[in-house]
Amino acid sequence: MPLPQKQLFIKKSGIPEAGKGLFTKQFIAKGTRIVEYKGEITTWKKKLQIEKQTKISNRYLYYLNRNHVIDAMHYSKALARYANDAKGLSKATGLVNNCKYVEDEGRVFMEAIKNISAGAEILISYGKEYWDIVESVKKS
């Protein structure tokens with residue numbers, strides 16, 4: 001069972017140029033499910049068509065498989081979308097990822113991979129594929 005959402009909050013990330021980040025008001029023990037990644041359930045083909053038509057790169061996607069993609073772009077209250085990757089394009093000294101994604105029957109959760117102190121930013125790896133795509137978009 002994820003944490004109550006009232007235990008999480010959004011503020012400026014500690015990662016340069018990352019915008020907003022997700023933080024915790026309480027201590028989170030290793031192995032705790034923190035929050036579910038929520039959004040519209042769609043297909044990869046549909047997401048690619050929309051990006052091609054709008055020329056807007058959507059960075060709020062979680063790809064389970066080609067027929068099950070979670071799109072949090074228009075879900076500003078979906079807290080998981082605010083978690084940043086400490087190993088992204090602009091790294092901050094001393095910050096490391098403290099969570100991982102866990103897939104469970106078509107749902108996706110963020111789970112602590114180490115103890116997280118109250119007030120700390122919740123950071124999660126987006127994966128190499130994500131950053132490869134971001135780099136290719138920046139170059140085009």
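The values are calculated or read from the model by the stated rules, or taken from the named source; none is laboratory data. In this text the structure is predicted, and so the values were computed from the model without any measurement. Cβ placement follows ideal geometry from the backbone for every residue including glycine, while neighbour counts extend to all protein chains displayed. Ligands, DNA and RNA are stripped out before the accessible areas are found, and what is left, the full protein with its side chains, is counted by its heavy atoms. Shrake-Rupley method; radii C 1.70, N 1.55, O 1.52, S 1.80 Å.
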Quick one: which residue in SER76, SER136 is closer than 22 Å to ILE15 by Cα, in a loop (DSSP other than H, G, I, E, B) and either polar (S, T, N, Q) or at pLDDT 85 or above (or both)?
SER76
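Test GLU51 against the criterion of being exposed (fewer than 14 other Cβ atoms within 10 Å of the Cβ) and either touching a Cys at 6+ places or on another chain (Cβ under 7 Å) or acidic (Asp, Glu) (or both), and give yes or no.
On the way: exposed (fewer than 14 other Cβ atoms within 10 Å of the Cβ): no; either touching a Cys at 6+ places or on another chain (Cβ under 7 Å) or acidic (Asp, Glu) (or both): yes.
Answer is no for this residue.
Of the residues GLU51, GLU40, only one is among the acidic types (Asp, Glu) and touching a strand residue (DSSP E or B) at 6+ places or on another chain (Cβ under 9 Å); which? It would help to see each step written out before you state the result.
Values: GLU51 fails: touching a strand residue (DSSP E or B) at 6+ places or on another chain (Cβ under 9 Å).
On inspection, the qualifying residue turns out to be GLU40.
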Taking only pairs six or more apart or across chains, which ones have beta-carbon atoms under 7 Å, a first residue in region 99-123 that is in contact (Cβ under 8 Å) with a residue 40 or more places away in the chain, and a second residue that is assigned to a loop (DSSP other than H, G, I, E, B) and of a type in the set (Lys, Arg)?
ALA112/LYS30; ILE113/LYS30; LYS114/LYS30; ASN115/LYS30; ALA118/LYS25
Would you check if THR42 is at negative phi and open to solvent by less than 90 Å² (accessible area, probe 1.4 Å)?
yes
